[in-house]
1. Around A:P152, with a cut-off of 15 angstrom between Cβ atoms, what is the net charge of the other residues, counting Lys and Arg +1 and Asp and Glu -1?
2. Which of rounded, prolate, oblate describes the protein assembly as shown, given a ≥ b ≥ c as roots of the alpha-carbon gyration tensor eigenvalues and a/c under 1.5 marking rounded, otherwise prolate only if a/b is larger than b/c?
3. About the Cα centre of the range B:3-198, what is the dipole size in debye to 20, counting +1 per Lys and Arg Cβ and -1 per Asp and Glu Cβ, all else neutral?
4. Report the label-to-label distance for B:S24 and B:Q189 in nanometres (one decimal), using points 7 Å from each Cα along the Cα→Cβ vector.
5. Along the charge dipole of the range B:3-198, which of B:F97, B:L38, B:M146 sits closest to the positive end, that is, farthest toward it, with unit charges on the beta carbon of Lys, Arg, Asp and Glu (+1, +1, -1, -1)?
6. Using the Karplus curve 6.51 cos²θ - 1.76 cosθ + 1.60 with θ = phi - 60°, work out ³J(HN,Hα) for each residue of the range B:109-123 in order, rounded to whole Hz, and write x for Gly and Pro.
7. Give me the summed buried accessible area for the A-B pair, 1.4 Å probe, to the nearest 100 Å².
8. Work through the residues other than B:S30 whose Cβ is under 10 Å from its Cβ and net out their charges, Lys, Arg +1 and Asp, Glu -1.
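The values are calculated or read from the model by the stated rules, or taken from the named source; none is laboratory data. All values reported here derive from a predicted model rather than from experimental measurement. Every residue, glycine among them, receives a Cβ derived from its backbone with ideal geometry; neighbour counts consider all protein chains shown. These area figures cover heavy atoms from the full protein model, side chains too; ligands, DNA and RNA do not enter into them. Shrake-Rupley method; radii C 1.70, N 1.55, O 1.52, S 1.80 Å.
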Amino acid sequence: MSRRYDSRTTIFSPEGRLYQVEYAMEAIGNAGSAIGILATDGVVLVGEKKVTSKLLQTSKSTEKMYKIDDHLACAVAGIMSDANILINTARVQAQRYTFAYQEPMPVEQLVQSLCDTKQGYTQFGGLRPFGVSFLFSGWDSNFGFQLYMSDPSGNYSGWKAAAIGANNQAAQSMLKQDYTEDLGREEAVNLALKVLSKTMDSTSLTSDKLELAEIFLLPSGKVKYQVCSPEGLTKLLLKSGVNQPAAEPSA
Amino acid sequence: MECVFGLVGDGFALIAADSSAVNSILVHKSNEDKIMVLDSHKLLGASGEAGDRAQFTEYIQKNVHLYQFRNGIPLTTAAAANFTRGELATALRKFCFGQSPYFVNILLAGYDKEVGPSLYYIDYIATLHKLDKGAFGYGSYFSLSMMDRHYRNGMSLEQAIDLVDKCIIEIRSRLVVAPPNFVIKIVDQNGAREYAWRESIPSV
């Protein structure tokens with residue numbers, strides 16, 4: 001009986017739910033988490049890299065953070081193969097906009113266009129939804145720094161601080177507790193690291209399990225997307241004090 | 001024959017255009033408005049083939065409106081100019097299936113909070129220039145010379161209108177096929193609007 005309404009993506013259950021979409025969100029709940037915080041002078045994205053095997057070569061570049069355009073970046077939680085498709089679409093959209101208007105695409109418009117794609121997969125039959133949540137961060141001349149969260153249903157919303165992926169509810173409530181309006185970028189990084197250190201499964205935070213990216217304005221007024229190096233991260237972890245020297249070597 | 005010209009002043013931009021609708025040697029109308037109010041802070045002065053002008057300017061206007069409805073923010077003048085240029089450029093390569101490019105030359109004036117007033121020149125082969133003063137049509141031979149001589153940076157509205165009147169007088173006195181009537185529109189922080197008509201014969 002329970003299989004009646006979840007075998008197709010586009011059919012409502014009698015309670016008015018779309019099970020496939022909910023399952024997709026469930027899939028994201030198991031993925032490495034990511035946290036985004038809007039600061040007064042930028043946006044901070046922190047992500048947890050799941051180390052699945054000791055033998056796996058961790059990628060030199062980022063694997064959770066993606067630059068979409070010069071003024072826009074996103075953090076991903078969910079099925080990476082799905083995400084790659086969406087990230088590609090997003091990049092194409094951003095360049096198409098620049099081609100048409102010779103101006104960077106406003107952040108919300110990009111988020112919206114991507115969510116339209118996601119929504120399509122909840123309505124047209126025979127296809128499964130994208131199992132991906134995004135945190136978009138960016139800057140545009142109309143609304144300054146912005147942070148958006150999107151889910152597989154194609155919904156998106158703007159946030160001051162948001163978390164996606166494993167343990168996102170715990171992270172979200174911690175953010176709610178500790179977020180203040182006048183957070184600077186440095187403090188935002190500290191807060192994100194603190195929250196992540198408490199919601200992550202592993203006992204100690206190390207730079208190889210983390211990714212940190214920031215978007216801010218250079219003195220010239222240009223938008224800068226900057227990914228923190230592993231060495232920089234180690235220093236930051238020590239400074240923020242979230243990483244008490246672990247007694248046992250991390251496995 | 002056609003005269004469309006415009007200039008940027010201190011905190012405003014203006015466009016002036018003749019208002020004659022002609023075919024061959026016949027004047028059909030002398031109060032044809034060739035300057036479209038594109039949105040609240042943009043003016044689109046156009047010259048060229050009459051049908052193309054109406055079709056293309058309206059197409060641009062509707063797309064600019066659509067953008068605003070979809071996104072809740074207006075296009076900047078620069079973005080609108082680039083969009084217009086892009087549409088012209090796309091149409092330019094469409095000679096097949098009975099389609100042909102638009103024969104329209106455009107002056108786009110606008111006012112943006114961040115950059116102030118600006119004027120863009122877009123011709124029918126999709127050239128785009130940002131200018132302080134520009135002109136199209138037979139009238140341009142005279143209005144450009146007039147503006148070269150008398151245009152100054154940061155002109156007041158009064159000085160600018162005076163210059164526009166100088167241009168119109170020059171066109172009327174030196175151009176064989178001079179149009180009788182002109183319309184002047186301006187755009188500043190308060191929006192785009194009609195400023196005045198310069199009519200030497202009653203409108204027909």
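1. Numbers: positive: A:R17, A:K118, A:R128; negative: A:D6, A:E22, A:E26, A:D82, A:D116, A:D151.
So the environment of A:P152 carries a net charge of -3.
2. Details: a/c = 3.43, a/b = 2.22, b/c = 1.55.
Cα axes put the protein assembly as shown in the prolate bin.
3. Numbers: 20 positive and 20 negative charges, 59 e Å.
Charge dipole of the range B:3-198: 280 debye, to the nearest 20.
4. Here the modelled spin labels are 5.3 nm apart.
5. Looking along the dipole axis, the top candidate is B:F97.
6. Taking θ as phi minus 60°, the curve returns 10, x, 10, 10, 4, 6, 10, x, x, 8, 9, 10, 10, 10, 9 Hz for the range B:109-123.
7. Numbers: alone 13390 and 10280 Å², together 22850 Å².
The A and B chains share an interface burying roughly 800 Å².
8. Values: positive: B:K29; negative: B:D18, B:E32, B:E199.
The answer is -2.
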